[in-house]
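Asker: Here it is, the structure in full.
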Amino acid sequence: MVHFVVALQAEAKPLMDHFGLRRRTGGAFPVFENEHVALIVSGMGKVAAAAATGYLHAQTGNRACRAWLNIGIAGHGRRAIGDGVLVHKITDQITGRSWYPPLTFELPCASDDLISVDEPETKYRKNGLYDMEAAGFYATACRFTTAELVHCYKVVSDNLASSTGDINARNVRALIEKRLDAIDILTQTLRALAARLAEFQSDPRELARFLKHWRFTVSEQHQLRRLLLHWQARSAETVWSDELAALPSANKALRHLNRELDALPIEYSCT
Amino acid sequence: MIRTIYIEREVADHSRTRKICDKFADAVKIQCERYGEVFNPKAQNFRLQKRRPALVLARKHNGMVLKTPEGYGIGDNHNYYFSHMLNCIYDCRYCFLQGMYRSAHYVLFVNYEDFETAIVSKISEANGETISFFSGYDCDSLALEPITGFVEHVLPLFARYRNAFFELRTKSTQVRSLLRTEPLPNCVVAFSFTPQEISAALENNVPPVAKRVDTMVRLQRQGWRLGLRFDPMIYHQDYQAHYRRLFSDLFQRLDAERLHSVTLGAFRLPAPYHRNLLRLYPDERLFATTLEPSNGMVSYKAPIRDEMIAFCEQELQRYVAPDICFSCSTL
Ligand code: SF4
């Protein structure tokens, strides 16, 4: 699943339409979702973005293998209005702290630095994007998952030639709409990465069957998980057998598993 | 190959930084204050990053030359290592770097001159006694040599100090800088091997055994002193047949009498790194076996370890003198 955090309703609207998201009822922030995407409208500023990120994490079940994408408009001194940019460095202007989202995939667009400010920036003193949310979003989302799955994508809405005063809901919607292709690619890429991570961290195939058959203490469950992972890494066959199923206790089943593993040769061959 | 380069502000104008950046003109260049900002954050996944690691160009401020961990050297009193790089372009599943670092990015320290100063200072402190330096502890010594030029840079130093022994440890075939240089009697190029079956399964992106043997032959012909490192040795059903064939293949091509040293060591990892690796690679066969903790390390059970070492030592005796054979054990 990919979580979108956006500041404005106008940024959210094209995404809701494109991904077919439906509103969840109630709650402190508006949340929209389908099977693969959840979107929250945070309101403006770092604190709001951080709060909304935490809220969405709690609302969608506290799972680690989720990707996070902050989408929104940003200013840039030199880039053209409408440019879509992936952020490769985020700096909180107030604290001076920087974060570097790891770029582990083929980029669907240009990438750039971003400075998160508390007040709209009109002078664009540094060469980079300016927004008001990314630092709050990124620092919070990285508490919930690994940094490779957390990114910010910005569409340039203002520059030295066209000031923040010209921004309105209609042109914000249009700017995001024009970049839906890149957002789509990013979303798919992040979903695939998240799925890969989930695969590394998934339970071993036969765990549920064992847990249904016997009662394991918590420490026995850890042992069982480890042994089944070992089995899975070393054999494509099932470890389940009539002999195993007939064992009267969890403890005996674990001992059986240990014996089976000891008897399994470790093989490497050139194929 | 490198699509992202992080550059510490302090080295942004360094000539090596500029040269490397020119080689990767299309890479995204990102400035950082300290490499730790990119390399050290907690929320990183080594396995995901290994899909597309970035290069980080940085300056090393201290700890340039460090004492080797116990069991790393081969007999001398003064054993040191230095790492001009952190991480490796290869991806060996048993590599402790994956458990040690959170990031898979390659960090290159471009201030080679400061490494030289630190090496010379250790040589002076040794008062004429033999002192050994090992490169390739936190990386492969030669794999990125065409880009870094580090080895080419430090060889003249070791040419000046003949009481300083220098070992490069590698699985690479990137030896052009060595072939361009007059061989140094106090420098050993040590190649690490596992049997091809293990290499194919566990040493991703590493050149095949046969290519590495070709490289060794070229170096030996030119007069370079070579070492063989069978460390880590990987236990498996057919290990005897596989190691026997590996030894036979190697010694058919190499002049055993001109070898500097051969070392053996069973697969082992510091316990915390092993825990990290289990989390990263729960699906890996290498870790899906009973490994035993001992003295803060994790390795095969003692009988397996001893049997493997004894077997390989015995096999090696067919080819090399026992006085150049060493077993590494930190358990
Ligand atoms: S070659 Fe050496 S440093 Fe590189 S991944 Fe393999 S074991 Fe690690």
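The values are calculated or read from the model by the stated rules, or taken from the named source; none is laboratory data. For clarity, every value in this text was computed on a predicted model and none was experimentally measured. So basically every Cβ, Gly included, is an ideal-geometry build from the backbone, and we count neighbours across all protein chains shown. Just so you know, the surface numbers come from the protein's heavy atoms only, side chains and all, with ligands and any DNA or RNA stripped out. Shrake-Rupley method; radii C 1.70, N 1.55, O 1.52, S 1.80 Å.
Asker: Across segment A:97-117, which residue is nearest to B:Glu8 (Cα to Cα) among those that are in a loop (DSSP other than H, G, I, E, B) and more than 9 Å from every other protein chain (Cβ to nearest Cβ)?
Answerer: A:Pro101
Asker: Sticking with this structure for a sec: Could you tell me whether B:Arg244 is modelled with pLDDT under 95 and buried (at least 16 other Cβ atoms within 10 Å of the Cβ)?
Answerer: No; evaluated as a whole, the condition is false for this residue.
Asker: Which condition from (1) within 14 Å of chain B (Cβ to nearest Cβ); (2) part of a helix (DSSP H, G or I); (3) not aromatic (Phe, Trp, Tyr) is the one that A:Ala253 breaks?
Answerer: The single condition A:Ala253 does not satisfy is (1).
Asker: Inspect all residues belonging to segment B:295-302 and state whether any of them is within 30 Å of A:Gln201 (Cβ to Cβ), touching a helix residue (DSSP H, G or I) at 6+ places or on another chain (Cβ under 7 Å) and of a type in the set (Gly, Ala, Ser).
Answerer: yes
Asker: Here is a further query. Hey, B:Arg225 hits all of (1) charged (D, E, K, R); (2) under 22 Å from B:Phe326 (Cα atoms); (3) within 16 Å of the ligand (Cβ to nearest atom) but one; which does it fall short on?
Answerer: It is condition (3) that B:Arg225 fails.
Asker: Select from segment B:314-327 the residues that are within 15 Å of B:Leu250 (Cα to Cα) and among the charged types (D, E, K, R) and write down the one among them that is most open to solvent (accessible area, probe 1.4 Å).
Answerer: B:Arg318
Asker: Given the conditions (1) open to solvent by less than 30 Å² (accessible area, probe 1.4 Å); (2) part of a helix (DSSP H, G or I); (3) charged (D, E, K, R), and given that A:Lys212 satisfies all but one, which numbered condition is not satisfied?
Answerer: So the condition that A:Lys212 fails would be (1).
Asker: Starting from residues that are within 14 Å of chain B (Cβ to nearest Cβ) and over 18 Å from B:Leu291 (Cβ atoms), keep the ones in segment A:256-271 and report whichever is surrounded by the fewest Cβ atoms within 10 Å (Cβ to Cβ).
Answerer: A:Thr271
Asker: Hey, does segment B:11-26 have a residue that's within 11 Å of chain A (Cβ to nearest Cβ), open to solvent by 80 Å² or more (accessible area, probe 1.4 Å) and in contact (Cβ under 8 Å) with a residue 24 or more places away in the chain?
Answerer: no
Asker: Next up: Would you mind listing the strands (runs of 3 or more DSSP E) fully within segment B:1-91 where at least 3 residues are touching a Lys or Arg at 6+ places or on another chain (Cβ under 7 Å)?
Answerer: Passing ranges, in order: B:4-8, B:28-32.
Asker: Under 8 Å between Cβ atoms, at least 6 apart or on separate chains: pull out the pairs that start in segment B:29-40 with a residue that is more than 7 Å from every other protein chain (Cβ to nearest Cβ) and closer than 16 Å to B:Pro53 by Cβ and end on any residue that is acidic (Asp, Glu) and surrounded by 14 or more Cβ atoms within 10 Å (Cβ to Cβ).
Answerer: That search, which allows pairs on different chains as well, returns B:Tyr35/B:Glu8.
Asker: Here's a follow-up. Residues being buried (at least 22 other Cβ atoms within 10 Å of the Cβ) and within 16 Å of the ligand (Cβ to nearest atom): count how many of those fall in segment B:116-142.
Answerer: Residues that pass the stated criteria total 7.
Asker: Now for a separate question. Are there any pairs with C-beta distances below 6 angstrom linking a residue in segment B:79-102 that is more than 14 Å from every other protein chain (Cβ to nearest Cβ) to a residue that is near the ligand (Cβ under 10 Å from one of its atoms) and among the aromatic types (Phe, Trp, Tyr), with the two at least 6 apart or on different chains, and if so which?
Answerer: B:Tyr81/B:Tyr137; B:Ser83/B:Tyr137
Residue by residue, here is whether (1) open to solvent by 10 Å² or more (accessible area, probe 1.4 Å); (2) within 16 Å of the ligand (Cβ to nearest atom); (3) within 14 Å of chain A (Cβ to nearest Cβ); (4) of a type in the set (Gly, Ala, Ser) holds:
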| position | (1), (2), (3), (4) |
| --- | --- |
| B:Thr173 | yes, yes, no, no |
| B:Thr194 | no, yes, yes, no |
| B:Arg221 | yes, no, no, no |
| B:Arg229 | no, yes, no, no |
| B:Ile234 | no, yes, yes, no |
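Asker: So B:Glu145 passes all but one of these: (1) within 16 Å of the ligand (Cβ to nearest atom); (2) within 25 Å of B:Glu284 (Cβ to Cβ). Which condition number does it fail?
Answerer: B:Glu145 satisfies every listed condition except (2).
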